[in-house]
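Here's the structure, in structure tokens; my notes come after.
The values are calculated or read from the model by the stated rules, or taken from the named source; none is laboratory data. Only a predicted model underlies this, so the values are computations on that prediction, with no experimental measurement involved. With ideal geometry, Cβ positions are generated from the backbone for all residues, glycine too; neighbour counts draw on all protein chains shown. The accessibility values were calculated without ligands, DNA or RNA, using every heavy atom of the protein model including side chains. Shrake-Rupley method; radii C 1.70, N 1.55, O 1.52, S 1.80 Å.
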Amino acid sequence: MSHRRNPYARADARTLEAKAKGYPARSVFKLEEIDRRLRLLASGQHVLDLGAAPGSWSLYAAERVGARGRVLSIDLSHIQQAFPENVRVIQGDALDLANDALSAFAPYDVVLSDMAPSTSGNKVRDQTQSFELFMRGLEVAVALGKPGSAYVGKLFMSGDFQAARAAVKAHYEKEQTIRPSGTRSVSSEVFLVGLRLRSP
């Protein structure tokens, strides 16, 4: 049995800051940075948030799109976070849910995927599952996004990184890779962003 200290077990300063601002997790600062750098979210938009628990991204998106906007929030886990009326929550597996179940507010202006596998300790397996989740998010974004829309997907760095980038470039006019400053130093995650979905 490993007795190494779990770097995620203890709340750090950014976690405490997020909670003080009303967000359930520090991940909000990652989306905030991506949004600030790329100007993703705006009033009146429709947003799909895949892998939404515990709810920080959906809450941030709901605030950014405002009362005229809509956010569909999906996760395997029950999300306890309270949301404003412009958010609808579905508990389910984005890998298994038909696109019809995901299309409540389609076509979307932005599709977000913070989906990640339950880490097993097997690095290769975790990376492979991360790639599968990223690609499922991309599939949904291409199917349900409107022309000109954006996709933000989390990916564990691995040998599949170039394949993921190529897949984004095949559908979007621009691809950008971002590792937000709020990412923990021990994490291998990056976010691949597709901007301006091409018309089918």
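The figures follow:
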| item | result |
| --- | --- |
| Charge dipole (debye, nearest 20) of region 21-131; +1 at Cβ of Lys and Arg, -1 at Cβ of Asp and Glu | 380 |
| Percent breakdown of C-alpha pair distances by 5 Å bin, ordered from the shortest bin, for the chain | 1, 8, 16, 21, 22, 17, 9, 4, 1, 0, 0 |
| Separation of alpha-carbon centers, region 81-96 and region 112-165, rounded to whole Å | 19 |
| Selection from F161, L133, N86 lying farthest towards where the dipole of region 57-200 points positive, charges on Cβ | F161 |
| Rg/Rg_ref, region 3-112, where Rg_ref = 2.2 N^0.38 Å and atoms are Cα | 1.10 |
| Residue-normalised accessible area of the chain, expressed per residue, 1.4 Å probe, Å² | 51 |
| Protein accessible area in the chain, 1.4 Å probe - carbon and sulfur % | 49 |
| Axial C-alpha extent at least 20 Å, average Kyte-Doolittle at least 1.6 - helices from the chain (DSSP) | none |
